[in-house]
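Below you'll find the structure, written out as structure tokens, and then a few comments.
No lab work stands behind these numbers, since they all come straight from the coordinates. These numbers were taken from a predicted model, which means no experiment stands behind them. For neighbour counting, all protein chains shown are included, and Cβ atoms are generated from backbone atoms with ideal geometry for every residue, glycine included.
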Amino acid sequence: MTTPLNFRTVFLLTLPPLLWAGNAIVGRLVHAMVPPVLLNLLRWSIACLILLALAGPVFARGSALWRHWRRYSMLGLLGIGMFNALQYLALQSSTPINVTLVASSLPVWMMLSGRLFFGAPVSARQLAGAVLSIAGVLVVLARGEWGHVLGLRLVAGDLFMILASIAWSFYSWLLMRTTEPAALRADWAGFLLAQVGFGALWSGAFALGEQALGPIAVQWSWALVGALAYVAIFPAIIAFRCWGEGVRLAGPGVGAFFVNLTPLFTALLSAAILGETPHLYHGAAFVLIVAGIVVSARR
């Protein structure tokens with residue numbers, strides 16, 4: 001059962017987009033240093049080691065995890081093995097702002113997957129919120145001039161990000177289908193470790209496939225080490241913790257609209273880190289996206 005939005009829920013659902021915006025920028029900065037799927041494996045392997053120190057007993061022989069291993073294997077595949085690898089693949093040929101903009105189609109995929117596969121109704125408010133949020137995305141995409149939309153061309157990275165968004169929508173809905181014991185669900189570190197453990201296995205299998213297609217050497221440096229530390233801790237452990245709790249409180253339909261804050265945060269971080277100056281249309285887009293969140297979340 002979901003609850004109305006309050007400060008805590010808004011904070012839980014706003015922090016992940018900020019951290020994921022940083023993840024997109026870091027992923028682009030190191031895209032020439034490490035293959036994308038291997039980057040995903042390194043990221044989640046580090047996160048797994050950190051979580052093992054917090055909740056290692058979740059993998060004990062008598063743990064409730066093993067009675068629900070299929071569920072956690074699927075969560076690990078969708079939310080860790082697929083979504084993040086596809087995002088890093090997208091950043092090979094697309095910019096952080098474009099990647100996060102395409103990811104803002106998530107509310108549409110969330111509504112479609114929820115309606116078709118999880119029996120979730122779609123309300124008029126959700127549709128109105130989706131229209132407002134997507135309008136905000138288009139404002140940024142068009143850079144304030146609607147004529148630019150007509151000349152839009154999707155690159156391979158955009159297509160990878162569409163697939164990633166579909167995977168994330170299924171992941172978010174599956175989070176709501178509670179089948180495991182309450183004690184396991186209440187232990188946030190154990191609950192996340194159960195997903196990350198299986199997700200790391202999926203990531204390892206995908207990384208082996210990537211290397212089989214054409215081995216690429218990793219260009220190790222302190223910059224890469226720092227990048228791995230960031231993506232393993234902040235957009236991985238912290239963001240996933242907040243997102244899981246926020247989705248539990250507000251529901252995946254409402255949570256999806258908060259993901260649309262990611263391109264706005266990406267634009268701000270790009271200005272601070274990459275020297276790209278924000279424009280007035282970023283402010284207009286922010287107003288539209290927030291309006292979409294408010295309209296969709298109203299009771």
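Could you give me the percent of Cα pairs per 10 Å distance bin for region 226-296, shortest bin first, beginning at zero and ending with the bin that holds the maximum distance?
Result returned by the calculation: 18, 38, 35, 10.
Per DSSP H run of n ≥ 4, the term is -39500 (n - 2.57); total these for the chain, divide by its residue number, and report the mean residue ellipticity at 222 nm rounded to 500 deg cm²/dmol.
Computed ellipticity for the chain at 222 nm equals -22000 deg cm²/dmol.
Have a look at region 1-87 and give its Rg and Dmax from the Cα atoms, expressed in angstrom.
Here Rg and the maximum Cα pair distance are 16.2, 45 Å.
Cut-off 10 angstrom, C-alpha nodes, Gaussian network model of the chain. Which of 194, 271, 85 fluctuates the most?
Ranking 194, 271, 85 by mean-square fluctuation puts 271 first.
Taking only Cα atoms and a 10 Å spring cutoff, compute GNM fluctuations for the chain and point out the largest among 259, 26, 155.
In this elastic network of the chain, the residue with the biggest mean-square fluctuation among 259, 26, 155 is 155.
Please arrange 68, 282 by how many other C-beta atoms lie within 10 Å of their C-beta, fewest to most.
Listed from fewest to most nearby Cβ atoms, that is 68, 282.
Let me know the whole percent of all Cα-Cα pairs from region 103-260 that are separated by more than 26 Å.
Tail of P(r) above 26 Å: 43 percent of Cα pairs.
Among 115, 67, 185, determine the one that fluctuates most according to a GNM of the chain built with springs between C-alpha atoms less than 10 Å apart.
Answer for the Gaussian network model of the chain: 67.
Quick one: if the Förster radius is 35 Å, what FRET efficiency do residue 287 and residue 163 give, using the C-beta to C-beta distance and rounding to 0.05?
Rounded to the nearest 0.05, the efficiency is 0.75.
If packing is taken as the mean number of other Cβ atoms within 10 Å per residue, what is the order of 56-65, 261-270, highest first?
So the peptides 56-65, 261-270, ranked by packing, come out 261-270, 56-65.
In Å and whole numbers, how far do the C-alpha atoms of the chain stretch along each principal axis, longest first?
Taking the Cα atoms of the chain, the three principal extents are 58, 48, 31 Å.
If you rank 171, 281 by fewest surrounding Cβ atoms within 10 Å, what's the result?
281, 171
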